[in-house]
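A.B. asks: Here it is, the structure in full.
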Amino acid sequence: MDWKRKHILGLSDFLPDEIEFVMDTSRSMEEVLSRDIKKVPTLRGKMVVNLFFEPSTRTRTSFEIAGKRLSADVVNFSSSGSSQSKGETLLDTARNIEAMKPCILVMRHNASGAARFLSRHLSCSIINAGDGLNEHPSQALLDLYTILKVKGKVAGLKVAIIGDILHSRVARSNIHCLGKMGANLWLCGPATLLPREMARTGATLTNDIREAVKNADVVMTLRVQSERQKATFFPSIREYFRMYGLSNNIFSLAKDDAILMHPGPINRGVEVTNDLADCGRSVILNQVESGVAVRMALLYLMAGGAHVAD
Ligand code: NCD
């Protein structure tokens, strides 16, 4: 398959074949990461700029490592300490960075649509690393990669996504990604955080965590996105945990070989108990590990590709 996309802004318009292609490319990248010398010269002479206007641990580090494993020059920009605090607009900041000739901008911003906006004004490639509550495509692709690695398939699996669906870009990208790949998706959360129109995606909606987790193959819990909540969506954190927190008791309703996922950062004792987050069926750190291979694949494809084996 020829890769034709200049930008990766979201997965809503991705075709299943493209998703498969990213998975295949990620497997080649994982092979590179299994070598003694985990580095190839594929992106030598190319610059990747991480432009992050929101906090990030996993995503930013993972894109940085991915770029370095491919020999790109990686530059990290974070809004604190930048001229944004002096009143510069997003577009001016981005144009200035573009003047330094990056090949790819990896961008996180709290405004939904920010990555798409820049893609209309800049000539370099843009990867959306999370825009407001809209999309987080690389996270969903690494989630799919992790599921495929552990389960061998995703089509027909019951995947329950639990928590603050309303404010979650991870949920939105996963609904597109896992849905296109044939998963049987269940979305669960308090009525205030589970928009009814999500039923249009083909997913089954429920406010009952037991129903969502029952016989699930994959249970994905989400962080409550307090920073995006402008109102009170549930009475208290204690109440939330009692109704929607994942405990051993609830997780035991899933299939015996079910896996537990979480995009991080985890709030232990809120969306998941301490024990469960660290249990043998938790693949939370596997997700982080997959993230490097998947992001290497994305950078590689966006930069025009070359032989990984070089
Ligand atoms: C997520 C994000 O930033 O959207 N984290 C991540 O990228 N791994 C989820 C979250 O912040 O809850």
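A.B. asks: Are any residues in the range 248-276 hydrophobic (A, V, I, L, M, F, W, C) and under 25 Å from E64 (Cβ atoms), and if so, which ones?
C.D. replies: So the first thing to find is which residues in the range 248-276 are hydrophobic (A, V, I, L, M, F, W, C), and the list is 250-251, 253-254, 258-261, 266, 270, 272, 276.
If the condition is that a residue be hydrophobic (A, V, I, L, M, F, W, C) and under 25 Å from E64 (Cβ atoms), then M261, I266 are the ones that fit.
Matching residues to (1) in a strand (DSSP E or B); (2) open to solvent by 10 Å² or more (accessible area, probe 1.4 Å); (3) within 11 Å of the ligand (Cβ to nearest atom):
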position: L118; (1), (2), (3): no, no, no
position: I127; (1), (2), (3): yes, no, no
position: S138; (1), (2), (3): no, no, yes
position: D143; (1), (2), (3): no, no, yes
position: L148; (1), (2), (3): no, yes, no
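A.B. asks: Moving on to the next point. Is it the case that the range 178-188 has a residue that's within 21 Å of L15 (Cα to Cα), open to solvent by 40 Å² or more (accessible area, probe 1.4 Å) and touching a strand residue (DSSP E or B) at 6+ places or on another chain (Cβ under 8 Å)?
C.D. replies: Scanning the range 178-188 turns up at least one residue that is within 21 Å of L15 (Cα to Cα), open to solvent by 40 Å² or more (accessible area, probe 1.4 Å) and touching a strand residue (DSSP E or B) at 6+ places or on another chain (Cβ under 8 Å).
A.B. asks: For the structure I just gave you, tell me whether I284 is touching a residue at least 24 places away in the same chain (Cβ under 8 Å), over 22 Å from L194 (Cβ atoms), within 15 Å of the ligand (Cβ to nearest atom) and surrounded by 12 or more Cβ atoms within 10 Å (Cβ to Cβ). Before you say what the answer is, go through the steps one by one.
C.D. replies: Working: touching a residue at least 24 places away in the same chain (Cβ under 8 Å): yes; over 22 Å from L194 (Cβ atoms): yes; within 15 Å of the ligand (Cβ to nearest atom): yes; surrounded by 12 or more Cβ atoms within 10 Å (Cβ to Cβ): yes.
For I284, the condition - touching a residue at least 24 places away in the same chain (Cβ under 8 Å), over 22 Å from L194 (Cβ atoms), within 15 Å of the ligand (Cβ to nearest atom) and surrounded by 12 or more Cβ atoms within 10 Å (Cβ to Cβ) - is met.
A.B. asks: Kindly indicate the residue of the range 162-189 that is of a type in the set (D, E, K, R) and within 16 Å of R200 (Cβ to Cβ) and also farthest from the ligand (Cβ to nearest atom) among those meeting that condition.
C.D. replies: At the first step, the residues of the range 162-189 found to be of a type in the set (D, E, K, R) are 164, 169, 172, 180.
Those still in the list that are within 16 Å of R200 (Cβ to Cβ) too: 172, 180.
Working: R172: 10, K180: 20 Å.
Step by step, filter the range 162-189, then rank; the result is K180.
A.B. asks: Starting from the range 211-237, take each residue that is assigned by TED's automatic domain parsing to the domain that holds A254 and among the polar types (S, T, N, Q) and list its partners that are within 16 Å of the ligand (Cβ to nearest atom) and open to solvent by 40 Å² or more (accessible area, probe 1.4 Å), counting only C-beta distances under 8 angstrom and pairs at least six apart or across chains.
C.D. replies: From the range 211-237, the pairs are Q225/L133.
A.B. asks: Conditions first: (1) within 12 Å of the ligand (Cβ to nearest atom); (2) open to solvent by 20 Å² or more (accessible area, probe 1.4 Å); (3) closer than 30 Å to R44 by Cβ. L133 passes all but one, so which condition is the exception?
C.D. replies: (3)
A.B. asks: Right, here's the next one. May I ask you to say which residue of L260, L276 is touching a strand residue (DSSP E or B) at 6+ places or on another chain (Cβ under 8 Å), assigned to a strand (DSSP E or B) and either of a type in the set (V, I, T) or in the same structural domain as I209 (by TED's automatic domain parsing) (or both)? Spell out how you get there, then give the answer.
C.D. replies: Values: L276 fails: assigned to a strand (DSSP E or B).
Just one listed residue meets the conditions, L260.
The values are calculated or read from the model by the stated rules, or taken from the named source; none is laboratory data. This one's a predicted model, so the numbers in the text were calculated from it and none came from an experiment. Backbone-built Cβ (ideal geometry, glycine too); neighbour counts: all protein chains shown. Note: areas computed on protein heavy atoms with side chains; ligands, DNA, RNA excluded. Shrake-Rupley method; radii C 1.70, N 1.55, O 1.52, S 1.80 Å.
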